[in-house]
Amino acid sequence: MDKKKLVEETIEKYAKYINPGLARYYKFAQLDTVEWTSAGSKVWDVYGNEYIDCLGGFGVFNVGRNHPRIVQAVKEQLERLPLSTRTLFNKHQADLAEMLAKITPGNLQYSFFGNSGTEAVEGALKLARFYTGREKLISAENSFHGKTMGSLSLSGREVYKKPFLPGLPEIYQVPFNDIDALKKSIDKKTAAVILEPIQGEGGIIIPSPSYLKQVKSICEEQGALLILDEIQTGLGRTGKMFACEHFNVVPDIMTLAKGLGGGVLPIGAFISTAEIWKVFEENPFIHSSTLGGNPLSCVAGIETLKVLQEEKIPELTWIKGQEVLQRLREIQAGSEGMIQEVRGMGLLIGIQFGDSDIASLLAMEMAQRHVLVAYTLNNPTVIRIEPPLTISYEEIDIVLSRFAESLVSVQALLDEIGGE
Ligand code: PLP
């Protein structure tokens, strides 16, 4: 195989058949190579160059890449029955739903499976509107819930929304972590309030400890449902199985996706209580998906939940996260103000820079040193560190030392520009 040709042709095909802007973006970000193999926290390009992946497909690899148990379970299912008839009962879908009912907090019990995060959010919105018979939805400014019409309407960043306005009707946005603003906005017409327990794409924003609890009780007073979007924060990422557990809050509806497929297959889910789910009972086809909840993805999901529990991934993530946060704060202290803040929980960590150019330069310097990072989608001044949760301490050392080196290079570059 002529590898150079393979890379050139792939980039050309991106420019010709996928999106020329995306091709330019990757090339500009010094990412002009082709990914080829992966394992654990690492990815190798077609030339065999090794990268430590601290973006992790936007936080997908909670159990690491190519976890042998998940790959094996999927291979076996692939040979037997990859997709469902959609008319017979499917054991794997039933098993995954049962497992989710057992590990999610409170009395969350029923699950619907789709193929992505945004689909999970769409389903959650439909369920909330159907159950309450109300139309109004409240979300937080700066939030990220996906990019289909409903989830986009709820999300934060203007640049993603503007061409598609007006979006869904009766959407209201309030500042995150501002309980008074929510009190003013919510009323008896509100179907649901949807929040990320920690805003991910908004720049890793952690609310005050009592915020979500207060939101829940205000929702209860008004007869509105609380939807917690745990698509990015769920399944161990923040050092608990679900981020809402840090805040002692149980949502009425929870959404999951990303890591649920074990970094092997796509799957999303929304989960709610028996009381709320009863509106789906009379016509169980009122919400459906041809490929959602397929046996392959469900098998991946089942094995993922087992691995998360048996390998104590949430607990270990908390400890690793504490270490990474502390060491990043040490680097921050010597950064002469270049880093404004380091924040996060578990291995959902954001590094706040003064402006987006510095953040981009930093990501490029890291890419040159074969560590993959990126900014948070709604806030380009924040670089996220979101590696596979199975990242080793040795790999953490490498990432942090390359981060410190990259920072020095960015500083030198800025000095050079400033001196001209
Ligand atoms: N919700 C949250 C909190 C997310 O972080 C994301 C993706 O980053 C989504 C929803 C959308 O998920 P997907 O890209 O799988 O549609």
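The values are calculated or read from the model by the stated rules, or taken from the named source; none is laboratory data. These numbers were taken from a predicted model, which means no experiment stands behind them. Positions of Cβ are backbone-derived with ideal geometry, glycine not excepted, and every protein chain shown enters the neighbour counts.
Numbers below:
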{"read-out": "Single unsatisfied condition, Arg86 versus (1) within 16 Å of the ligand (Cβ to nearest atom); (2) modelled with pLDDT under 95", "value": "(1)"}
{"read-out": "Count - residues of segment 142-153 that are more than 8 Å from the ligand (Cβ to nearest atom) and in contact with a Phe, Trp or Tyr (Cβ under 9 Å, 6 or more places away or on another chain)", "value": "4"}
{"read-out": "Failed item in (1) in a strand (DSSP E or B); (2) within 16 Å of the ligand (Cβ to nearest atom), with Ser111 passing the rest", "value": "(2)"}
{"read-out": "Single match in Gly261, Gly293, Gly268 (criterion: at positive phi and not hydrophobic (A, V, I, L, M, F, W, C))", "value": "Gly293"}
{"read-out": "Of all residues in segment 357-411 being in a helix (DSSP H, G or I) and hydroxyl-bearing (Ser, Thr, Tyr), the one that is surrounded by the fewest Cβ atoms within 10 Å (Cβ to Cβ)", "value": "Tyr393"}
{"read-out": "Any hit, segment 301-313, residues being of a type in the set (Gly, Ala, Ser) and either under 25 Å from the mean Cα position of the chain (by Cα) or farther than 20 Å from Arg384 by Cα (or both)", "value": "yes"}
{"read-out": "Checking Ile302 against (1) over 22 Å from Thr85 (Cα atoms); (2) part of a helix (DSSP H, G or I); (3) away from the ligand (no atom under 16 Å from the Cβ), the condition it does not meet", "value": "(1)"}
{"read-out": "Contacts under 7 angstrom Cβ, first residue in segment 192-214 being not assigned by TED's automatic domain parsing to the domain that holds Gly156 and within 12 Å of the ligand (Cβ to nearest atom), partner charged (D, E, K, R) and part of a loop (DSSP other than H, G, I, E, B), 6 or more apart", "value": "none"}
{"read-out": "Residues located in segment 229-262, provided they are more than 21 Å from Arg69 (Cα to Cα), within 11 Å of the ligand (Cβ to nearest atom) and without any contact (Cβ under 8 Å) to a residue 40 or more places away in the chain", "value": "Glu230"}
{"read-out": "Residues within segment 333-356 that are touching a residue at least 12 places away in the same chain (Cβ under 8 Å) and in a helix (DSSP H, G or I), tallied", "value": "1"}
{"read-out": "Helices (runs of 4 or more DSSP H) (entirely within segment 142-227) containing at least 1 residues that are within 20 Å of Ala243 (Cα to Cα) and among the aliphatic types (A, V, I, L, M)", "value": "179-185, 211-222"}
{"read-out": "Matching residues, segment 289-315, being hydroxyl-bearing (Ser, Thr, Tyr) and under 17 Å from Thr233 (Cα atoms)", "value": "Thr304"}
{"read-out": "Filter result (touching a helix residue (DSSP H, G or I) at 6+ places or on another chain (Cβ under 9 Å), closer than 20 Å to Phe89 by Cβ and assigned to a helix (DSSP H, G or I)) within segment 268-288", "value": "Trp277, Phe280"}
{"read-out": "Contacts under 6 angstrom Cβ, first residue in segment 61-72 being farther than 10 Å from Val264 by Cβ, partner surrounded by 16 or more Cβ atoms within 10 Å (Cβ to Cβ) and small (Gly, Ala, Ser), 6 or more apart", "value": "Asn62/Gly236; Asn62/Gly259; Gly64/Gly40"}
{"read-out": "Options Leu291, Leu328, Leu265: the member that is in a helix (DSSP H, G or I) and touching a residue at least 40 places away in the same chain (Cβ under 8 Å)", "value": "Leu328"}
{"read-out": "Output for segment 116-141, where each listed residue is away from the ligand (no atom under 15 Å from the Cβ), surrounded by fewer than 20 Cβ atoms within 10 Å (Cβ to Cβ) and not in a helix (DSSP H, G or I)", "value": "Gly133, Glu135"}
{"read-out": "Segment 22-49, residues that are touching a strand residue (DSSP E or B) at 6+ places or on another chain (Cβ under 6 Å) and hydroxyl-bearing (Ser, Thr, Tyr)", "value": "Thr33, Thr37, Ser38, Ser41"}
